[in-house]
Structure formats: structure tokens, C-alpha cells
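One structure is given here, and the rest of the page talks about it.
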Amino acid sequence: MKKNTRRSFLGLLSAAGVGWLAAGLYPVFRYLSPQQAPDPFGKDGLAAVEKITLADVAKPNMGKNGGYGGRGLIVFRNAQGELKAFDSKCTHAGCNVEFEATKIYCHCHGGTYNLDGKNIAGPPPRPLTELGVLEKDDALFVYRLGGARPAQA
Amino acid sequence: MTPDYEIPPEAETQLPPPNKLTGRLSRYLLNRYPVWPIIDHLSKKVVPRHRDTVWYNMGGIALFFLVVQIITGALLMVYYRPSQPWASVQRIVMEVPYGNLIRSIHNWSANLMILTLFLHMFSTFFMKAYRPPRELTWLSGAVLMAITLLFGFSGYLLPWDDLSFFATRVGMSEIERAPLIGHWIAGLARGGADVTVDTIGRFYLLHVMVMPIVVLTIVGIHLFFVQVQGVSEPDHFAALPPEKKRYHKFFTEFLFSEAPIWLFLSALLVALAAAWPRTLLPEADPFAAAPLGIKPEWYFLSQFQLLKMFPGKVEMVGLLLWSLIPLGILVVAFVDRSIPTDNRGRWTTRIGIVALAGLIVYTIWGWLP
């Protein structure tokens with residue numbers, strides 16, 4: 001019994017040490033962990049398009065790079081006059097793609113998508129994320145596809 | 001005054017005479033700190049003289065570049081602001097006297113340091129200096145090599161220009177591909193799902209504080225190992241009869257023979273920085289399309305090219321192929337044996353030649369437009 005006091009004391013001390021270390025490291029871990037990015041879409045399900053005006057996509061085959069909620073996107077009008085929007089993050093390595101009249105192209109590694117956002121050549125493994133796009137108060141807004149379409153003003 | 005420690009008799013014969021200032025100073029110190037055995041050990045350190053002696057300079061040259069990096073890096077920190085990354089670098093380049101020179105020297109010295117470390121590593125490899133009992137020296141060097149590459153990667157983002165932004169985004173997406181922990185590590189490094197100014201804060205801290213402390217500590221350990229064990233002798237030299245072996249004394253003959261190299265390299269750095277200053281592209285725009293011809297720094301080109309060759313679903317193959325090199329570096333010191341005629345030794349050399357040739361070919365291939 002007596003023989004074990006020293007050993008059990010050291011065991012207790014190391015257990016306390018581990019607990020102390022964990023208690024100290026947990027806040028540090030939480031502090032360094034990335035915070036959840038805010039949802040770019042507002043309560044009405046819409047996100048304002050930045051750096052692209054209606055004039056930039058006035059006619060068919062016009063398109064431009066811009067942003068929404070801190071992310072990059074492209075908006076263009078296809079040959080049929082339909083407005084299209086895609087998140088511009090290339091599904092391969094995360095560069096921003098560019099609208100090039102007949103295709104969507106990524107300069108980093110030559111990833112190519114058709115105007116429906118489908119990956120047709122180069123390294124991208126998946127299609128681009130398509131966004132719903134609408135005109136409201138002379139400005140462009142995007143919304144998440146798949147849910148209910150937000151009411152148009 | 002009573003001395004606390006006696007000066008050993010053999011020290012007395014080697015110290016400068018006591019009537020000289022250096023003699024008095026060395027006796028003053030040795031009376032208080034009994035370090036004569038250490039000094040004696042260091043004064044006996046020798047460097048083998050043979051046809052490959054020039055490669056022994058590489059470690060010292062890398063150390064020279066490290067010192068240049070610390071000095072120029074500290075100077076850049078005076079004006080760099082992580083909250084206004086691009087504007088503050090533009091100020092360094094456009095307004096601060098000699099700012100462009102100091103920034104460009106920092107860039108050139110970083111590149112030459114990495115090149116020197118590659119030469120240091122491959123010369124150590126082909127001279128088989130990694131074999132027992134020097135495995136841990138080799139491993140600590142491998143860790144230093146990896147951290148130096150991370151230094152390059154983290155420093156690349158800090159100017160926050162078009163190229164550095166997208167290059168970092170691509171680099172982080174490579175890290176994300178690592179199985180299981182890739183996403184977690186990339187998120188932790190970026191401070192979010194994407195590269196933002198939050199990422200700058202993290203990279204800056206790593207670049208100017210965490211990694212320098214780690215590197216200086218491991219460099220200390222690496223040099224301590226080398227001092228204790230002495231310089232490795234390649235097989236062709238070790239096989240010579242003792243009377244045919246010639247050595248340089250390290251202190252101070254070999255060390256001072258490096259002084260002209262340091263002077264030359266200082267001049268070279270200034271010349272390179274003046275002739276080819278580091279460019280600063282337009283400020284990063286997270287909304288804009290990626291710029292044309294985006295490529296990583298030359299020391300990441302081989303991975304870049306290999307990943308390009310295995311797109312989409314077979315990308316894992318490229319990643320695995322490339323990871324064979326760091327894996328080989330880690331295990332070779334424990335596989336190869338210190339027997340000159342051993343078959344394993346021949347095979348590690350052959351594999352090393354293939355790996356080196358592959359690295360060079362893929363780097364050039366990736367560099368071509």
C-alpha cells in the first residue's frame with residue numbers, strides 16, 4: 001500500500017496534467033477552427049449580384065464575372081436570350097472560371113464547361129453550381145436553385 | 001580572485017598567452033565555464049578532402065540564405081500590414097527607399113535557398129551520408145526541407161496579388177484532396193471555406209513567427225548532430241589507407257574558405273534583385289476570372305505537372321506517385337546499410353537517380369508554356 005503512494009500520486013498528477021492540457025487546448029482549438037460562413041442568401045432567399053449591371057448582360061452572348069455574398073459568380077445571357085448564373089468556383093482546383101461566348105473556361109488548368117455548366121473537357125470532375133437569377137429594381141439577384149423560387153418583384 | 005574551475009593543462013598550451021587580451025579573456029571565461037572539452041572537440045572537427053568536397057559547402061550556403069531571409073524578412077515586417085496586404089506591399093515597392101530591392105532580395109534568396117537545399121539533399125543522398133549512424137541528421141534535414149517549402153507557400157500569398165491569390169486557392173485545393181484530414185487542414189489553414197484576408201492573418205503568423213522558431217530549433221539540432229558525429233566520409237574516401245586521407249580543419253580553415261562564397265552570394269543577390277525585381281500584379285479580386293498562365297513557383301512545378309497529367313478521377317494516382325519521393329526520403333535512411341558493396345546501396349542510388357531525373361523533367365515540363 002505504502003509502496004504505491006508515490007506511483008499513484010504521479011499517476012494522479014499525470015491524469016490531472018492531461019485534463020489541464022485538454023481544458024487549455026480546447027478553447028485554442030475552437031478559436032482557430034474556421035467559423036461557419038454566413039449564408040449568402042438573405043431571408044427572402046436572394047443575394048444581390050455585385051459588379052454586374054443589367055447593361056453588362058443586356059444582349060445575347062454577353063456575360064461578366066462578379067460576386068454575391070463574398071463569392072465569385074458569372075452571369076451571362078445565352079444565344080436564346082435566357083439569363084444564366086453560375087458560381088464561378090471551378091470544381092477542379094477552385095480558380096474562377098470565365099464566360100467565353102460559346103463555353104465557360106478556366107485559365108488555371110484548362111477546365112471547360114458548356115453553357116449549361118456541364119464539365120465537357122479538362123480536369124473538372126463535376127458541373128458548376130448553377131444559381132437562379134432574376135432582375136429586380138434594375139439590379140440582378142441570384143437565388144439557390146432546387147428550393148421554391150423567390151417572389152419576383 | 002580564486003578561479004572556480006581549473007584550466008586543463010592541455011588547454012594552457014593551446015590558449016593565447018595570458019599577457020594578451022584574448023588570452024586573458026579566454027582564461028576569464030574558462031575559469032567560470034568549464035567548456036574546454038567542447039572547444040577541444042570543435043577544434044578537432046575536420047572536413048574530408050576529396051573530389052566531392054565542394055558539396056560540403058551547400059549546408060553553409062543554405063544557412064547564409066537563411067540569415068539573409070531573417071534580416072530582409074524583419075525589414076519587410078516594418079512596412080507590411082496584414083490588414084492592407086496589397087497596399088502595404090505596393091508602398092514597399094513604390095515609396096519606401098530601397099523597398100523594392102529588399103523585397104526582391106527576400107524573393108531571390110528564398111528561391112536560391114530552396115535550390116541550395118535541393119543540392120544539399122541530393123549530394124547527401126548520393127554520397128550516402130544518410131546511413132546509420134546519421135539517420136536522425138537526415139530526417140531533421142528532411143523536416144527542414146518540408147518547412148522551407150511551406151515557407152515559400154505561405155510567403156507567396158502575403159502580397160495578395162492576382163497570382164498569389166489564385167495560386168494559394170489551387171494549392172489549398174490540393175491539400176483538400178489528402179484523404180480524411182485534407183478538408184480539415186485546409187479549413188484550419190484558410191480560416192474558412194475560401195481564401196480570404198482571414199487566411200492572410202494565419203499565413204502571416206506562420207510565416208513570421210511559428211515557422212522561424214521551428215526552423216531555428218531544428219537547424220540547431222541538425223548542426224548539433226553534425227558537430228557531434230563529424231562530417232560523413234563517402235565510401236571511396238573511407239576505403240583509403242589512413243596515410244592517404246587528407247582533411248581540412250573546419251575551424252577555421254574550411255569556415256573561412258566559405259567567406260568569399262558569402263561575399264559572392266551577397267553580390268549575386270543584389271544583382272539578381274536589381275536586374276529582375278519581384279513583380280507585384282494587380283490586387284487580388286476574389287470575383288474576377290483567374291489570370292492567364294497561372295503557375296506555381298518552380299519548386300512546386302513537378303507536382304503541378306504530374307497532377308495535370310492525371311486529371312479527374314485518376315488524380316489520386318498522380319498524388320500517390322508524387323508522394324513516393326517524400327516517402328522514400330523518410331525510409332531510405334533505415335533501409336540502406338553502411339556496407340559499400342551492399343546491393344541495397346546500389347538500388348537506392350539507382351532509385352535516387354530516377355527520382356532526381358523525374359523531378360527535373362517534370363519541373364521543366366511544367367515550366368514550358
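Derived value for the stretch B:1-44: Kirkwood hydrodynamic radius 10.7 Å. Basis is the mean of 1/r over every pair of different alpha-carbon atoms.
The string of couplings for the stretch B:231-243 from the Karplus curve (6.51, -1.76, 1.60, θ = phi - 60°) is 6, 5, 9, x, 4, 5, 7, 5, 6, 5, x, x, 6 Hz, one whole number per residue in order, with x for Gly and Pro.
For the stretch A:46-144, compute the orientation-averaged projected area of the C-alpha convex hull (one quarter of its surface), in nm².
5.6
Based on C-alpha pairs under 8 angstrom that are at least 6 apart in sequence, the stretch A:24-112 has a relative contact order of 17 percent.
Pairwise Cα distances in the stretch B:278-369 exceed 21 Å in 51 percent of cases.
Does anyone have the angle between helix A:3-32 and the longest principal axis of chain A? Alpha-carbon axes, 0 to 90°, nearest 10? Long axis of A:3-32 versus the principal axis of chain A: about 20 degrees. Kirkwood hydrodynamic radius of the stretch B:54-287, from the reciprocal of the average inverse Cα-Cα distance over all distinct pairs: 19.7 Å. Against chain B, whose longest principal axis comes from its Cα atoms, helix B:57-79 is set at around 50 degrees.
What shape does the stretch B:1-88 have by the C-alpha gyration tensor, where a ≥ b ≥ c are the square roots of the eigenvalues, rounded means a/c under 1.5, and otherwise prolate means a/b greater than b/c and oblate the rest? It is oblate, given that a/c is not under 1.5 and a/b is not larger than b/c.
If you take all C-alpha pairs in the stretch B:218-351, what percent of them are over 25 Å apart? Percent of Cα pairs beyond 25 Å in the stretch B:218-351: 63.
Considering only B:303, B:163, B:123, and ranking their Cα positions along the charge dipole of the protein assembly as shown that arises from unit charges at the beta-carbon of Lys, Arg, Asp and Glu, the one farthest toward the positive end is B:123. Only Cα sites of the protein assembly as shown enter the Debye sum here, all with the same form factor; the resulting log10 I(q)/I(0) across q = 0.06, 0.13 1/Å is -0.42, -1.36, listed in q order. Using the rule -39500 (n - 2.57) for each DSSP H run of four or more residues, divided by the residues of the protein assembly as shown, the 222 nm mean residue ellipticity is -17000 deg cm²/dmol. In sequence order, the stretch A:70-81 has phi-based couplings of x, 9, x, 8, 10, 10, 8, 10, 7, 4, 7, x Hz under the Karplus curve 6.51 cos²θ - 1.76 cosθ + 1.60, θ = phi - 60°, and Gly or Pro positions carry x. Under a 5 Å amide H cut-off, with hydrogens placed 1.01 Å from N, residue A:131 pairs with A:85, A:86, A:87 among residues at least 5 apart or on other chains. Using 0.36 nm per residue and subtracting the Cα-Cα separation, the extra length available between residue A:55 and residue A:82 on full extension is 8.3 nm.
Note the angle between two axes, namely the Cα long axis of helix B:21-32 and the longest principal axis of the Cα atoms of chain B, as a number of degrees from 0 to 90, rounded to the nearest 10. Helix B:21-32 sits at roughly 90 degrees to that axis.
Values quoted throughout were computed directly from the atomic coordinates according to the rules given, and no laboratory measurement underlies them. Since the structure is predicted, the reported quantities are computational estimates derived from the model, not experimental observations. For neighbour counting, all protein chains shown are included, and Cβ atoms are generated from backbone atoms with ideal geometry for every residue, glycine included.
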